[in-house]
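Please read the structure below before turning to the comments.
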Amino acid sequence: MKHEAEQQLLKTLNGQLNELPAIAKTMVQQYQLSAIVLSVLCGVFLIASLIGTIWLSTYLRRAKSSQVMKEYGEQITRLLVGW
């Protein structure tokens, strides 16, 4: 699809200026569609990250054994800080 749009744009630039509005409209629609898809994917990733963070914090608060906190606490701290 991208290759076809490039070919059409080249034809337009070579003197067929009557096709420019249709090509421009197609390119704008493709751009809008890709922006919508990217927004949805980012939203899903954000929600999954929030759910994972809430679950992890709840799990660690409910951990009755201090051994669990010793095992995972340091690893989670490194992960969150980015070491």
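Ile51 falls short of the stated requirement of being in a helix (DSSP H, G or I), at pLDDT 75 or above, over 20 Å from the mean Cα position of the chain (by Cα) and surrounded by 10 or more Cβ atoms within 10 Å (Cβ to Cβ).
If I filter the stretch 19-27 for residues that are open to solvent by 100 Å² or more (accessible area, probe 1.4 Å), at pLDDT 80 or above and either assigned to a helix (DSSP H, G or I) or not aliphatic (A, V, I, L, M) (or both), do I get at least one hit? Within the stretch 19-27, one or more residues are open to solvent by 100 Å² or more (accessible area, probe 1.4 Å), at pLDDT 80 or above and either assigned to a helix (DSSP H, G or I) or not aliphatic (A, V, I, L, M) (or both).
The values are calculated or read from the model by the stated rules, or taken from the named source; none is laboratory data. Note that the structure is a prediction, hence the values are computed from the model and not measured. Note that each Cβ is placed from the backbone with ideal geometry, even for glycine, and that neighbours are counted across all protein chains shown. Calculation scope for accessible area: heavy atoms of the full protein, side chains included, ligands and nucleic acids excluded. Shrake-Rupley method; radii C 1.70, N 1.55, O 1.52, S 1.80 Å.
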